[in-house]
Amino acid sequence: MYMIRALDIYKNFGHLKVLKGVSLTVEKGEVVAIIGPSGSGKSTFLRCLNRLETIDKGMIEVEGEIMVQNGPDGKAVYSDENRIALIRRKMGMVFQNFNLFPHKSVLENLILAPMLVNKVPREEAEKKALELLEKVGLKKKANNYPFELSGGQQQRVAIARALAMNPDIMCFDEPTSALDPELTGEVLKVMKDLALEHMTMIVVTHEIGFAREVANRVIFMDNGIIVEEGIAKEVIDNPKNERTREFLSKVLRI
Amino acid sequence: MEHFEYVLKILPPMLEGWKVTLTLFFLTLVMSLPLGTVMGIARLSHFKPLAWFMEFYVWLFRGTPLLLQLLFIYFGLMTVGIRLERFPAAVLAFVLNYAAYIAEIIRAGIQSIDKGQYEAADVLGLTRFQTMTNIILPQVFKRVIPPIGNEVINLVKDSALIYVLAISELLRVAKTAVMRDETFVPFIIAAVFYLFMTAIVQQFFKWVEHKFDYYR
Ligand SMILES: Nc1ncnc2c1ncn2[C@@H]1O[C@H](COP(=O)(O)OP(=O)(O)O)[C@@H](O)[C@H]1O
Ligand SMILES: [Mg+2]
């Protein structure tokens, strides 16, 4: 059963064609890594999936619910806002820059949306939040403020915050790119644990080692299209496409 | 000794003047802060006519002297048959003027918040209103404390402008006494009053800033 299906997505920023017909289907429990050079449209694609950006053309369906599809004139038409809100609630998102709420403690960051959006009572929200913090190894930091945490800790809080909404799909946009190298491991570990629990995940990343080990499937994007995709180990160990090969040799040499 | 007696004699009328100054000060603050905040948000509204109107409003009130606005609201309105008492007219002019400045500060504060904050709130399912009240504005308030503090200090000093409507605020009382008694002492007393008020304002804002130190 697929969790999310995107068909032939087109997206322009003004005259800049950023996505030129990208399609992706993600099965339940699957971990998909999206790799590719900077500026190839990876973030834009991920952001289109949960409507942080709107698409110009194409279809996006999440767990059988249509978020957007082409109208009779071939241009994308979005479903009504209430429906989209429900669909988006199935998706969690983790950003490169964490985007924690600086004026809220770690615990407050985690309970805010469950309480406001899902109307979960405070007690219940806190209980769940503490469980999640335990899971990401930060229960002790519940009452600290984001500025008191390292980048790696902040990103783990951000993951826990997304999980607090009980998403079916987790999207990550270069979750370790803003971190010092020695801090990437703790974040990747949390993500790996999630994968082992069969969370459906879409991960834009430059961590080729992580993609190879944890992802089931790798998508290589370049210049707004998917150039190559397949089983993670196969694509990374034996890329067929010239551009994939070139990219991987560059990334892996460093 | 002679000076001391003079001070005692002049103090009661000066305190009366000070009361007028303080009344204007507090009335202006109490009304212009919330009004300016709403205007600053409206300035960024997606409903364009509202945003444009606010832009025009801010331009109008920041682009002309407060003195002119005072005269305009009192005398100008009179010529079209709207008669306000002098003090309410002064308060109205001050509130409208200060709201424009506060609105600009709030607008700049809102725009200084990272776009990632909106996106994080958005993907968590918060409505625009919830995002504004729970995420954006609390952070804006911390950031605008210093510039608002500056405006409040300005307000202490600008309050003297209502003399043009022949309202006996602190400085006008002092000036009257100076002319009548041919001594500078009332000016010195007035200066002490103003310095006292600005010192209090400064301390207050220092304290508020400190209150917000718990996060960065
Ligand atoms: N909001 C935006 N407005 C205009 N151009 C954008 C915007 N976001 C991204 N782009 C452009 O779209 C292209 C793809 O960007 P992005 O999706 O961020 O690539 P990647 O994540 O693969 O590095 C880049 O050329 C980028 O400059
Ligand atoms: Mg990117």
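The values are calculated or read from the model by the stated rules, or taken from the named source; none is laboratory data. Quick caveat, the model's predicted, so the values are computed rather than measured. Methodologically, a virtual Cβ is constructed for each residue, glycine included, from the backbone with ideal geometry; neighbour enumeration extends over all protein chains shown. Quick note on the areas: whole protein, heavy atoms, side chains included, nothing else; ligands and nucleic acids left out. Shrake-Rupley method; radii C 1.70, N 1.55, O 1.52, S 1.80 Å.
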* Asked: Taking GluC sites (Glu not before Pro) as exposed when DSSP calls them loop (any state but H, G, I, E, B) and at most 16 other Cβ atoms lie within 10 Å, what is the longest stretch of chain B free of them, the sites themselves excluded?
  -> B:86-181
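Just in segment B:60-124: which trypsin sites (Lys or Arg not before Pro) are loop by DSSP and have at most 14 other Cβ atoms within 10 Å? List each step's numbers first, then the result.
Working: sites: B:Arg62, B:Arg83, B:Arg86, B:Arg107, B:Lys115; in loops: B:Arg83.
Hits after loop and neighbour filter: B:Arg83.
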* Structure fact -> The computed P(r) of segment A:125-254 puts the percent of Cα pairs beyond 18 Å at 57 percent
* Asked: Based on the Kirkwood radius over alpha-carbon pairs, what value in µm²/s does the Stokes-Einstein equation return for the translational diffusion coefficient of segment B:2-211 at 20 °C and 1.002 mPa s?
  -> 112 µm²/s
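Would you please name the trypsin sites (Lys or Arg not before Pro) within segment A:169-254 that are DSSP coil residues with at most 14 other C-beta atoms within 10 Å of their C-beta?
Values: sites: A:Lys189, A:Lys192, A:Arg212, A:Arg217, A:Lys233, A:Lys240, A:Arg243, A:Arg245, A:Lys250, A:Arg253; in loops: A:Lys240.
Counting only loop positions with at most 14 other Cβ atoms within 10 Å, the trypsin sites (Lys or Arg not before Pro) in segment A:169-254 are A:Lys240.
What does the charge dipole of the protein assembly as shown about its Cα centre add up to, to the nearest 20 debye, if the Cβ of each Lys and Arg holds +1 and the Cβ of each Asp and Glu holds -1?
The calculation lands at about 400 debye.
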* Residues in segment A:127-163, backbone N under 14 Å from the label point at A:Asp180 (7 Å along the Cα-to-beta-carbon vector): list them, ranges by number please. => A:149-154
* Asked: Which far-off residues, 5 or more places away or on another chain, put their amide H under 5 Å from the one on A:Thr25, with H placed in the peptide plane?
  -> A:Ala6
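What's the local net charge at B:Glu209, with K and R +1, D and E -1, over the other residues with C-beta under 11 Å away? It would help to have the intermediate numbers written out before the result.
Values: positive: B:Lys142, B:Arg143, B:Lys206, B:Lys211; negative: B:Asp213.
Result for the local shell: +3.
What does the convex hull of the alpha-carbon atoms of segment A:4-252 project to on average, in nm²? Before the final figure, lay out each step's value.
Values: hull surface 55.2 nm².
Across all orientations, segment A:4-252 yields a mean hull projection of 13.8 nm².
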* For segment A:149-221, run through the GluC sites (Glu not before Pro) and keep only the ones in DSSP coil with at most 14 other Cβ atoms within 10 Å of their Cβ. => A:Glu197
* Give a residue-ordered list of calculated ³J(HN,Hα) values for segment A:204-216 (Karplus: 6.51 cos²θ - 1.76 cosθ + 1.60, θ = phi - 60°; whole Hz; x for Gly, Pro). => 7, 7, 9, 7, 5, x, 4, 4, 5, 7, 9, 6, 7
* Other-chain or far-sequence residues with amide H under 5 Å of A:Asn70's (modelled H) -> A:Gly58, A:Val77
* To do: Express in Å², to the nearest 10, the accessible area of B:Tyr214 obtained by rolling a 1.4 Å probe over the protein heavy atoms while all chains stay in place.
  => 100 Å²
* Cα centroid of segment A:33-98 to Cα centroid of segment A:159-236, whole Å -> 18 Å
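Can you compute the FRET efficiency between A:Lys75 and A:Asn216 using 1/(1 + (r/R0)^6), with r the Cβ-Cβ distance and R0 = 22 Å? Round to the nearest 0.05. Show your work: numbers first, answer last.
Values: r = 33 Å, r/R0 = 1.52.
Calculated transfer efficiency: 0.10.
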* Could you state the number of Å between the C-alpha centres of segment B:46-101 and segment B:115-136? -> 34 Å
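To check you understand DSSP bridge types, tell me what percent of the beta bridges within segment A:4-252 (both residues inside) are antiparallel, rounded to 5. Each step should come with its number before you reach the end.
Values: 25 of 42 bridges.
Close to 60 percent.
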* Asked: Could you give the length gained on full extension between B:Phe26 and B:Thr176, defined as 0.36 nm per residue of separation minus the Cα-Cα distance, in nm?
  -> 51.6 nm
* Sticking with the crude label model, points 7 Å out along Cα→Cβ, report the distance from A:Arg245 to A:Leu16 in nm, one decimal please. => 3.1 nm
* When you take every Cα atom in segment B:1-67, what is the radius of gyration, and what is Dmax, the widest Cα pair distance, in Å? -> 20.4, 67
* List the residues whose amide H sits under 5 Å from the amide H of A:Phe172, counting only those 5 or more places along or on another chain, with H placed 1.01 Å from N in the peptide plane. => A:Val94, A:Ile202, A:Val203, A:Val204
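I need the calculated FRET efficiency for the pair B:Arg128 and A:Lys233, taking r as the beta carbon distance and R₀ as 60 Å, to the nearest 0.05. Walk me through the intermediate numbers first.
Numbers: r = 44 Å, r/R0 = 0.73.
About 0.85, to the nearest 0.05.
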* Structure fact -> Under the rule rounded for a/c under 1.5, else prolate if a/b exceeds b/c, else oblate, using alpha carbon gyration tensor axes a ≥ b ≥ c, segment B:154-208 is classed as oblate
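Over chain A, calculate the relative contact order: mean separation of alpha carbon pairs under 8 Å at least 6 apart, over the residue count, as a percent. Can you show the working numbers first?
Details: 480 pairs, mean separation 64.3, N = 254.
Rounded, it is 25 percent for chain A.
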* To do: Mind grabbing the base-10 log of I(q)/I(0) for the protein assembly as shown at q = 0.05 Å⁻¹? Debye formula, identical points on the C-alpha positions, no solvent, two decimal places.
  => -0.31
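Can you give the FRET efficiency to the nearest 0.05 for B:Val7 and B:Val208, using r as the Cβ-Cβ distance and R₀ = 22 Å?
That pair, B:Val7 with B:Val208, gives E of 0.05.
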* Going out from 0 in 10 Å bins, what whole percent of all Cα-Cα distances in segment B:76-194 drops into each bin? -> 11, 27, 23, 19, 13, 6, 2, 0
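Just counting partner chain Cβ atoms within 10 Å, what average do the residues of peptide B:120-132 show around their Cβ? Please report the intermediate quantities before stating the final value.
Numbers: counts 13, 6, 5, 18, 17, 11, 4, 3, 0, 0, 4, 1, 0.
Other-chain Cβ atoms within 10 Å of each residue's Cβ, averaged: 6.
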